[in-house]
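Working notes for the structure below.
The values are calculated or read from the model by the stated rules, or taken from the named source; none is laboratory data. Since the model is a prediction, treat every value here as computed from it, not as a measurement. Ideal geometry is used to build each Cβ from the backbone, glycine not excepted, and the neighbour counts take in all protein chains shown. The protein model used for the area step is the full one, side chains on, heavy atoms only, and it has no ligands, DNA or RNA in it. Shrake-Rupley method; radii C 1.70, N 1.55, O 1.52, S 1.80 Å.
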Amino acid sequence: MNSKSNIIYDSIIIGAGPAGLAASIYASRYGLKHLIIGVLKGGTATEAFIVENYPGFKSISGNELMQKFIEHVKQYNPEIISTEVSSIKKQKKYFEIKTELNKIFKTKTIILALGVHHRTLSVIGEKKFLGKGISYCYTCDGPLFKNKIVGVIGGGDGALTAALFLSKHAKKVYLIHRRKEFRGQVAWQNSVDKEKKIIKILQRQIKEIRGDKFVKEVILDFPYKTKKSLKIDGLFIEIGTLPSGAKIIFKSPLNLKRDKLNYIVTDRSMQTNIPGIFAAGDITSPPEKLRQILTASAEGSIAAVSVQRFLVKRG
Ligand code: NAP
């Protein structure tokens, strides 16, 4: 049975990563009555083992930085519920947000800050060996591969930082990338070059992942030093991300404007094509934009201020 609250919030923020948390801090400071729907953990930013480009912190783990965001948010005591949103419905003067527990919340505006999830490689063996050597989270699973041989696939900051983290645990790390050049930050590339345990394998793709109970080897598209396969105990897939929130955004009758990869299109004030719905952080278009904790939190803050201006304008 549905249970409907009579409160009408100024804004409901969906998502509790850097964008959602920064939006909440700004919403609190602008006196907006708001609710955060999301797990108060910090999003995928918590998976970064080291962040060295967030101003004010020379070097900090993603998890530690997000704990600092959460402490800051909590200082203003916003309402927070840890559940998932199942649908959003537009009424005449407000939106209705229904959660998995069939609770319905009313709000004048929404900030979508759902973030992204890991992209999959889509090769034979990937699904079969998930959790049996295949992982998308090096900080979670990396320490299990002490003195083992692991592979990392990808060429961005995700893959470079994963290789560096894994080199602290594993005996050998193959860093496999499909191009001649990495696209990640030069600072990470320099650190990778200094780490003897990391072996770079460039201009190669993985065609198949094989094993028995656990991963045993990957098959390459072209031989590396005459070998068509590499013996490994684990493979970390770090090939980028795709926007989250398929259920509520893509299947809702709202007709939210998205680009061809499903990132939400906004203007510079983070307003979507639907008046009253804003979006912020990694979930917003364009796909090639800089996706960092800093940029996500900046977008969250802009969205919250835009909500305040929207409400003032609407009277
Ligand atoms: P990314 O920057 O989009 O890089 C994805 C990499 O995977 C690219 O090199 C891409 O190759 C490769 N790739 C994509 N699809 C592939 C496929 N099917 N097979 C093989 N390779 C494939 O993603 P990311 O590294 O996850 O980073 C995402 C964002 O988070 C970035 O903005 C990044 O700066 C940020 N981040 C920051 C940190 C940090 O600073 N601590 C850590 C992690 C992530 P091509 O180069 O050929 O396109």
- Do any residues in the stretch 282-300 that are at positive phi and assigned by TED's automatic domain parsing to the domain that holds Leu112 have Cβ atoms under 6 Å from those of residues that are more than 10 Å from the ligand (Cβ to nearest atom) and open to solvent by less than 40 Å² (accessible area, probe 1.4 Å), where the two are at least six apart or on different chains, and which pairs are they? none
- Item | Phe69 vs. criteria of a type in the set (A, V, I, L, M, F, W, C), over 18 Å from the mean Cα position of the chain (by Cα) and within 16 Å of the ligand (Cβ to nearest atom) | no
- Query: Has the stretch 10-30 got any residue that is farther than 17 Å from Ile293 by Cα, among the charged types (D, E, K, R) and surrounded by 18 or more Cβ atoms within 10 Å (Cβ to Cβ)?
  - Reply: yes
- Task: Determine the pairs where a residue that is within 15 Å of Ile50 (Cα to Cα), located within the stretch 182-199, has a partner that is within 13 Å of the ligand (Cβ to nearest atom) and not in a helix (DSSP H, G or I) with Cβ atoms under 6 Å apart, the partner being 6 or more residues away or on another chain.
- Result: Gly184/Gly156; Gln189/Phe182
- Message: Just to verify a result, which residue in the stretch 100-121, among those that are within 24 Å of Ala45 (Cβ to Cβ) and in a loop (DSSP other than H, G, I, E, B), is modelled with the lowest pLDDT?
- Response: Glu100
- Query: How about the stretch 233-284: which of its residues are more than 24 Å from Arg309 (Cα to Cα), touching a Lys or Arg at 6+ places or on another chain (Cβ under 6 Å) and hydrophobic (A, V, I, L, M, F, W, C)?
  - Reply: Ile239, Leu242
- Query: Assuming Ile104 fulfils every condition listed in (1) surrounded by fewer than 21 Cβ atoms within 10 Å (Cβ to Cβ); (2) under 22 Å from the mean Cα position of the chain (by Cα) apart from one, which condition is it?
  - Reply: (2)
- Message: For the condition more than 22 Å from Ile209 (Cα to Cα) and among the charged types (D, E, K, R), what is the one hit in Asp157, Asp141?
- Response: Asp157
- Message: Exactly one condition in (1) within 23 Å of the chain's Cα centre (by Cα); (2) crowded, with 19+ Cβ neighbours inside 10 Å is false for Leu261; which is it?
- Response: (2)
- Which of the residues belonging to the stretch 138-160 are more than 13 Å from Tyr174 (Cα to Cα) and open to solvent by less than 10 Å² (accessible area, probe 1.4 Å)? Gly142
- Message: Here is a check on your reading of the model: is Phe57 within 16 Å of the ligand (Cβ to nearest atom) and modelled with pLDDT of 95 or more?
- Response: yes
- Message: Within the stretch 217-312, considering only strands (runs of 3 or more DSSP E) that don't extend past its boundaries, which have at least 3 residues that are within 16 Å of the ligand (Cβ to nearest atom), modelled with pLDDT under 95 and out of contact with any Pro (no Cβ under 8 Å at 6 or more places or on another chain)?
- Response: 241-243
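Matching residues to (1) more than 11 Å from the ligand (Cβ to nearest atom); (2) open to solvent by less than 90 Å² (accessible area, probe 1.4 Å); (3) of a type outside the set (A, V, I, L, M); (4) at positive phi:
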| residue | (1), (2), (3), (4) |
| --- | --- |
| Phe165 | no, yes, yes, no |
| Lys180 | no, no, yes, no |
| Trp188 | no, yes, yes, no |
| Val192 | yes, yes, no, no |
| Lys196 | yes, no, yes, no |
- Taking the stretch 204-213 as the search range and keeping residues that are within 18 Å of Ser122 (Cα to Cα) and open to solvent by 90 Å² or more (accessible area, probe 1.4 Å), which one is nearest to the ligand (Cβ to nearest atom)? Lys207
- Query: Can you spot a residue in the stretch 89-97 that is open to solvent by 10 Å² or more (accessible area, probe 1.4 Å), under 20 Å from the mean Cα position of the chain (by Cα) and of a type outside the set (D, E, K, R)?
  - Reply: no
- Query: Does Thr139 fit the bill of being touching a helix residue (DSSP H, G or I) at 6+ places or on another chain (Cβ under 8 Å) and in a strand (DSSP E or B)?
  - Reply: no
- Inside the stretch 218-250, the number of residues satisfying the requirement of being basic (Lys, Arg) and touching a residue at least 24 places away in the same chain (Cβ under 8 Å) is 2
- Query: Take the residues of the stretch 138-163 that are more than 12 Å from the ligand (Cβ to nearest atom) and of a type in the set (Val, Ile, Thr): which is nearest to Ile206 (Cα to Cα)?
  - Reply: Val150
